[in-house]
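A.B. asks: Take this structure first; my questions come after.
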Amino acid sequence: MASLLCPSSTAKPGAALFGVQDASGHIQYLDEPVIVDQTFVDTARQQSRAPEERFRFASNCAKTGCGHWSSESAGCSLVGKIVEAMNRKAEATLVSCAIRDRCRWYHQEGGSACANCDEVVRNVRTMELAA
């Protein structure tokens, strides 16, 4: 089986772009993910907002190499926090998502992850301050 994907990855060559933030702040999912290259990343970084604050990227889950990994539950701790904080219930029919079959969050939380996913973007400045 292929590795599960982190749906909150950074903009880096080889990452899969699977969503774009619209004017309302919600993510509009692409029908098919687009693998980004260095040119895309360089161009996206020249804008006023970091690409992670405008786009959603997925890449292989880093597991223990990620600060959100919980060895206790052998899973991502971030998705549980998002589901709890946003508390939106899954609809009977989930919105189409190009990475769902390999998404770490979906494999852990099912439809609840999807129901709370469309407003998630990374705040790179906050991450830099915490480092």
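The values are calculated or read from the model by the stated rules, or taken from the named source; none is laboratory data. Since this is a predicted model, take the numbers as computed values, not measurements. All Cβ positions, even for glycine, are placed from backbone atoms using ideal geometry, and neighbour counts span all protein chains on display. These accessible areas exclude ligands, DNA and RNA; they are computed on the full protein's heavy atoms, side chains included. Shrake-Rupley method; radii C 1.70, N 1.55, O 1.52, S 1.80 Å.
A.B. asks: What does DSSP give for the chain in terms of the percent of beta bridges that are antiparallel, rounded to the nearest 5?
C.D. replies: 95 percent
A.B. asks: Also, quick follow-up: At a temperature of 37 °C and a viscosity of 0.692 mPa s, determine how fast the chain diffuses translationally according to Stokes-Einstein, using the Kirkwood radius over alpha-carbon pairs as Rh; express D in µm²/s, rounded to the nearest whole number.
C.D. replies: For the chosen part, D equals 217 µm²/s.
A.B. asks: Further, regarding this structure: First select every other residue whose beta carbon is under 9 angstrom from the beta carbon of TYR29; then total the charges, Lys and Arg +1, Asp and Glu -1.
C.D. replies: So the surrounding residues net to -1.
A.B. asks: OK, next. Give me the percent of accessible area attributable to carbon and sulfur for the chain, probe 1.4 angstrom.
C.D. replies: The nonpolar share, carbon plus sulfur, comes to 51 percent.
A.B. asks: Then there is this: Rounded to the nearest 500, what is the 222 nm mean residue ellipticity of the chain from helices alone, with -39500 (n - 2.57) per DSSP H run of 4+ residues and division by all residues?
C.D. replies: -7000 deg cm²/dmol
A.B. asks: Next question. Straight-line reach from LYS63: which aspartates and glutamates fall under 19 Å, measuring Cα to Cα and dropping same-chain residues less than 8 apart?
C.D. replies: Straight-line reach from LYS63, under 19 Å: GLU72, ASP101, GLU109.
A.B. asks: Here's another thing I want to ask about it. Which of rounded, prolate, oblate describes segment 45-89, given a ≥ b ≥ c as roots of the alpha-carbon gyration tensor eigenvalues and a/c under 1.5 marking rounded, otherwise prolate only if a/b is larger than b/c?
C.D. replies: oblate
A.B. asks: Ordering TRP105, TRP69 from largest to smallest accessible area (1.4 angstrom probe), what's the sequence?
C.D. replies: The most accessible residue leads, giving TRP69, TRP105.
A.B. asks: What is the local net charge at VAL41, summed over the other residues whose Cβ is closer than 13 Å to its Cβ (Lys, Arg +1; Asp, Glu -1)?
C.D. replies: 0
A.B. asks: Using a 1.4 angstrom probe on the protein heavy atoms only, line up ARG56, ARG100, ARG45, ARG88 by accessible area, largest first.
C.D. replies: Largest to smallest exposure gives the sequence ARG45, ARG88, ARG100, ARG56.
A.B. asks: Here's a follow-up. Where the only charges are on Cβ atoms (+1 Lys, Arg; -1 Asp, Glu), what is the dipole of the chain about its Cα centre, to the nearest 20 debye?
C.D. replies: 220 debye
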